[in-house]
Amino acid sequence: MSLAFENISLTLRNRKILNDVSGLFKRGRVTVILGANGAGKSSLLSCLAGLRQPQTGRIIVDDRSIHEMEGKERGRLIGLLPQRPDIHWNIDVKTVVGLGRLPHSGRWGMNAADHEAVAKAMEATDCTGLAERKVLRLSGGELGRVLLGRVLAGEPQWLLADEPLASLDPAHQFDVLDKLKNYAEAGNGVVIVLHDLTQAARCADDIMIMKDGAILAAGSRDDVIVPDIMAQAYGVEVQISTSDNGEPLVVPVRRLR
Amino acid sequence: MSWLDRKTLWLNGLLLIGLIVTMLLSLAVGKVWVAPSAWLGDDLSALIIMELRVPRTILGAAIGAALGMAGATMQGYLRNPLADPGVFGVSASSALGAVTSLYFGFALTAWLLPVFALIGAGIGMALLTLLAGRSGSLILFTLAGVILSSLAGSLTSLMISLAPTPFATTEIVTWLMGALTDRSWDDVKLAVPIIAIGMLFLIATGRSLDALTLGEDAARSMGVNILHLQWFAVIGVGLTVGASVAAAGIIGFVGLIVPHLVRPFAGHRPSAVLLPSAIAGALLLVGADSAVRILPSVSELRLGIAMSLLGAPFFMALLFKMRRELN
């Protein structure tokens, strides 16, 4: 079971954003997408989530093309955690997480299964204690958890997260990544766009690196996170080592000219 | 249903009781006080009730509900608590249609003015969707609304300044201020069904408005069709506001104030704000219309002016509250 995309090209305002991109993500694994700003990572995610229609190519989820699916069906299958938290009304946390059930619920509101999924998602993201809090009064770390809970409430088999660590402190970064890893271990596909190379090396099973709207490298962590490829992708020299607890450390040390 | 959940049930119930009491009171008050015991007789007071006050009260409630719900939808759709139904330019184009009929002196037959107003609203809605295109973009849409309302507004001013007789000028200006004076069952029969259909469209936007709370990307990833939402909002606002303007002229601030007042009690969720906004809008308008009838003045205070007079202190209070929160 996989999420595959073949020959995706996307042009916006005469600028080629994605240039004939192909790839494959597997279920039960965490795939991290790396790449410099403007490499096309977010655009690829929005194509995969069905928000943008690429000019060419096709996207196949578990042997079905997403372009044939109706919006709600696609929403049940693929959950997207967008880049910037973007909340407009001061609703309570439980309601926010409940919104994640929209692709499932019928015209008559939430049923017992919906409430159960919401409770489960809130528990998985440690939001149960925040249930009655107003969302605009949360701290950045709490909000990050709540928004992740919203996606998990939809029980998508594929979870696409666009920079979920932005504006989180290190402890909360570990929390969120652990939750995403658990979700993958439960048999779902998880795709994360990240900027932190060390966090990427720690949490990824597979890594895909993008540059200028194309895929520079894809494969297992040890094959891809090497100084040569990092230099091509980011134009920086990185130092790769191992921490005391055996985890990888990937530290940019200087810009290459 | 999400807009009828347990949390908002008590709110809707309380508002509904308030509305019924206010409507009954509004039947009794006016230039002459008619006690409920005389409502069902066959003398003059019963005639006042059945032919003047009942239609006026029903029309007031329908228009208040229409404006309240349209305002709540607009605020949810534009995700802006200061949006009002006028943003789409529907009320301005509807008013332009009505003014056109007054300009040419067509208003001699009672039904022609509201029909012209509805035609104006229809043309406005068509232009709006034509200008905004098929992208579903909020900014394009808002800009199209601004273009439309300023164009319709300036054409209305042009008509006033070019009016053939001072009488026509007075008539146009007075009509524009909005009122429920001397409305009959004919106005009810024309406006209420259109408002009801429009409100169904508005209610249907509820779930998509909820999803938009998380931003456009998140909403679309959950299967919300932004273009459909836009259509429903335009048709719903067009029908409700178009019919309201056709029946009573421009009555501002209801659509802006009411969702504001109701929102904290409804838990801020856009779909939960829709129904209480409708009931509270009806309550406010019927109450205000009763008040203008009993205020001691030479001629009756126009309802549109009364609402604008309410608007300024309301926003003043809001401003002071926000200033306190900032300090």
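When the helices in chain A are scored as -39500 (n - 2.57) per DSSP H run of 4 or longer and the sum is shared across all residues, what 222 nm value do you end up with, to the nearest 500 deg cm²/dmol?
-9500 deg cm²/dmol
Give the separation of the Cα centroids, region A:174-213 to region B:285-302, in Å.
When both Cα centres are located, 66 Å separates them.
Search the structure for amide H atoms under 5 Å from the amide H of A:VAL32, placed 1.01 Å from N in the peptide plane, and list their residues when 5 or more places away or on another chain.
Result for A:VAL32 returns A:ILE192, A:ASP205, A:ASP206, A:ILE207, A:MET208.
Label points 7 Å out from Cα along the Cβ direction at A:LYS16 and B:THR181: separation in nm?
According to this spin-label approximation, the distance is 7.1 nm.
Calculated from DSSP H runs of 4 or more alone, at -39500 (n - 2.57) each and per residue, what is the 222 nm mean residue ellipticity of chain B, nearest 500?
-24000 deg cm²/dmol
Work out from phi, with θ = phi - 60° and the Karplus expression 6.51 cos²θ - 1.76 cosθ + 1.60, the ³J(HN,Hα) of each residue of region A:245-251, listed in order in whole Hz, and give x for Gly and Pro.
The phi angles translate into 8, x, 8, x, 10, 10, 10 Hz.
Rounded to whole Å, give me the distance from the Cα center of region A:23-44 to that of region B:53-117.
The distance from the Cα centre of region A:23-44 to that of region B:53-117 comes to 50 Å.
Which of the trypsin sites (Lys or Arg not before Pro) found in region A:92-197 are loop residues per DSSP with 11 or fewer other Cβ atoms within 10 Å of their Cβ?
For trypsin sites (Lys or Arg not before Pro) across region A:92-197 that sit outside H, G, I, E and B with at most 11 neighbouring Cβ atoms in 10 Å, the list reads A:ARG107.
For A:ASP205, B:ASP289, what ranking results if the residue with the fewest other Cβ atoms within 10 Å of its Cβ goes first?
Neighbour counts put them in this order, fewest first: A:ASP205, B:ASP289.
Roughly how tilted is helix A:112-124, in degrees to the nearest 10 and between 0 and 90, from the longest Cα axis of chain A?
That helix lies at roughly 50 degrees to the long axis.
For chain A, set up a GNM with springs between Cα atoms under 10 Å and report which of A:ASN111, A:ASN245, A:ASN37 has the largest fluctuation.
Most flexible of the set in this elastic network: A:ASN245.
Hey, in the GNM for chain B with a 10 angstrom Cα cutoff, which one of B:MET50, B:MET23, B:MET307 fluctuates hardest?
Sorting by GNM fluctuation, first place goes to B:MET50.
Once you place label points 7 Å from the Cα toward the Cβ at B:GLU325 and A:ASP212, how far apart are they in nm?
4.9 nm
Can you give the FRET efficiency for A:LEU249 and A:GLU185, using 1/(1 + (r/R0)^6), R0 = 30 Å, r = Cβ-Cβ distance, to the nearest 0.05? Mind dumping the intermediate values first?
Working: r = 24 Å, r/R0 = 0.79.
Between A:LEU249 and A:GLU185 the formula returns 0.80.
Roughly how crowded by other chains is peptide A:43-52, in terms of the mean Cβ count from those chains within 10 Å of each of its Cβ atoms?
What the average comes to for A:43-52 is 2.
Contact order normalised by length for chain B, with contacts defined as Cα pairs under 8 Å and 6 or more residues apart; what percent is it?
It rounds to 32 percent for chain B.
Got a sec to turn the phi values of region B:57-72 into Karplus ³J(HN,Hα) couplings, 6.51 cos²θ - 1.76 cosθ + 1.60 with θ = phi - 60°, whole Hz, x for Gly and Pro?
Calculated HN-Hα couplings, in order: 5, 4, 5, x, 5, 5, 5, x, 5, 4, 5, x, 6, 4, x, 4 Hz.
Could you pull out every one of the aspartates and glutamates with an alpha carbon less than 19 Å from that of B:LYS31, ignoring same-chain neighbours closer than 8 positions?
Here the aspartates and glutamates satisfying the reach criterion relative to B:LYS31 are B:ASP43, B:GLU51, B:ASP182, B:ASP289, B:GLU300.
How about region B:82-185: which chymotrypsin sites (Phe, Trp or Tyr not before Pro) there are in a DSSP loop, with at most 16 other Cβ atoms within 10 Å of their Cβ? Spell out each step's value before the answer.
On the way: sites: B:PHE88, B:TYR103, B:PHE104, B:PHE106, B:TRP111, B:PHE116, B:PHE141, B:PHE167, B:TRP175, B:TRP185; in loops: B:PHE104, B:TRP111.
The qualifying sites are B:PHE104, B:TRP111.
GluC sites (Glu not before Pro), restricted to region A:27-108: which are DSSP loop and have at most 15 other Cβ atoms within 10 Å?
Here the sparse-neighbourhood loop sites are A:GLU70.
Between the alpha-carbon centers of region A:72-124 and region B:211-245, tell me the distance in whole angstrom.
Each part reduced to its Cα centre gives a spacing of 19 Å.
When chain A is modelled as a GNM with alpha-carbon springs shorter than 10 Å, which of A:ILE192, A:ILE91, A:ILE207 fluctuates the most?
Maximum among the listed residues: A:ILE91.
Holding the Cα-Cα limit at 23 Å, pick out from A:LYS179/A:LYS211; A:LYS41/A:LYS134; A:LYS120/A:LYS181; A:LYS72/A:LYS120 the pairs that are longer than that. Show your work: numbers first, answer last.
On the way: A:LYS179/A:LYS211 28 Å; A:LYS41/A:LYS134 32 Å; A:LYS120/A:LYS181 16 Å; A:LYS72/A:LYS120 21 Å.
Exceeds cut-off: A:LYS179/A:LYS211; A:LYS41/A:LYS134.
Under the Karplus relation 6.51 cos²θ - 1.76 cosθ + 1.60, θ = phi - 60°, what is the ordered set of whole-Hz ³J(HN,Hα) values for region A:211-218, x standing for Gly and Pro?
Each residue of region A:211-218 in turn: 8, 6, x, 9, 9, 7, 7, 8 Hz.
Take every DSSP beta bridge whose two residues both sit in the protein assembly as shown, then give the antiparallel share in percent to the nearest 5.
Bridges in the protein assembly as shown that DSSP calls antiparallel: roughly 60 percent.
Any read-out appearing in this document is the output of simple, stated calculations on the displayed coordinates, not a laboratory observation. Just so we're clear, the structure is a prediction, and the values are computed from it rather than from any experiment. So basically every Cβ, Gly included, is an ideal-geometry build from the backbone, and we count neighbours across all protein chains shown.
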